[in-house]
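The values are calculated or read from the model by the stated rules, or taken from the named source; none is laboratory data. All figures in this text were calculated on a predicted structure; none of them were measured in a lab. Note that each Cβ is placed from the backbone with ideal geometry, even for glycine, and that neighbours are counted across all protein chains shown.
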Amino acid sequence: MDIERINDHTMKFFITYIDIEDRGFNREEIWYDRERSEELFWEMMDEARDHDDFFIDGPLWIQVQAVDKGIEVLVTKAELSKDGQKLELPIGVDKIIDIPLDEGIESLFQQELVEEVEEQAGTNFNEDGTFGFLIKFNDFEDVISLSHRLIFEDIKDELYSFEDRYYVYVEFDEVLHDEEEIDRVLSIVLEYGEESTLTIHRVSEYGKQIVKEHALETIRNNFPAKT
């Protein structure tokens, strides 16, 4: 875990999913399980205290952000307002903003998870101008059948295995493929598999890459079509 002191009031943490698992947690429970998310948080705070004398002497304002390899946590010391309804958060010299009290540490994790899922569900557009789709197959025979049905042109495709399932990641260049062409290709692909709710980042990190490029062509050349 990386710990960075931003100022007298704020610490920044970055912890990878691998580190989280090494500590005896898993990715799902830190989002959904209140006790486990709090346990991980206070473990991180103990390390911050030992690392940089970051002592807790009042309420904290916590911001959690999910990234590809783990989570970033920004922790800022705050004070309760006189009416006890808001946190007074220092943002600079003699500057304070008031923030309504949150429901708890676990809600911060859960809120970030919801935002992450909504973002994934809302768009498949990548920053480099490509559209990526991760397709799940329950049986490798379905991947073989697809490879003999569809020949990709100027389409990136990779093959992974993860938790006893197979995944084909398909990526379209928006310059080379219009929406109609993408829909046509996907409609054929989805006859054999289904769009996964997982991200390519998770499958590539925790799964096994079987074919790095030209996945369907490689499968077609090595596995005959079923008759």
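So the values come out like this:
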read-out: Test: Glu127 is over 30 Å from Leu60 (Cβ atoms), in a helix (DSSP H, G or I) and at pLDDT below 90; value: no
read-out: Conditions (1) outside any helix (DSSP H, G or I); (2) buried (at least 16 other Cβ atoms within 10 Å of the Cβ); (3) out of contact with any helix residue (DSSP H, G or I) (no Cβ under 8 Å at 6 or more places or on another chain): number failed by Met45; value: (1)
read-out: Subset of region 175-188 [in a helix (DSSP H, G or I), in contact (Cβ under 8 Å) with a residue 24 or more places away in the chain and surrounded by fewer than 14 Cβ atoms within 10 Å (Cβ to Cβ)]; value: Ile188
read-out: In region 5-22, the residues that are exposed (fewer than 13 other Cβ atoms within 10 Å of the Cβ) and either in a strand (DSSP E or B) or at pLDDT 85 or above (or both); value: Ile18, Glu21, Asp22
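Here is a yes/no grid of residues against (1) more than 30 Å from Thr16 (Cβ to Cβ); (2) in contact with a Gly (Cβ under 9 Å, 6 or more places away or on another chain); (3) surrounded by fewer than 18 Cβ atoms within 10 Å (Cβ to Cβ):
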{"site": "Tyr169", "(1), (2), (3)": "no, yes, no"}
{"site": "Leu190", "(1), (2), (3)": "yes, no, yes"}
{"site": "Val203", "(1), (2), (3)": "no, no, no"}
{"site": "Ile210", "(1), (2), (3)": "no, no, yes"}
{"site": "Ala215", "(1), (2), (3)": "no, no, no"}
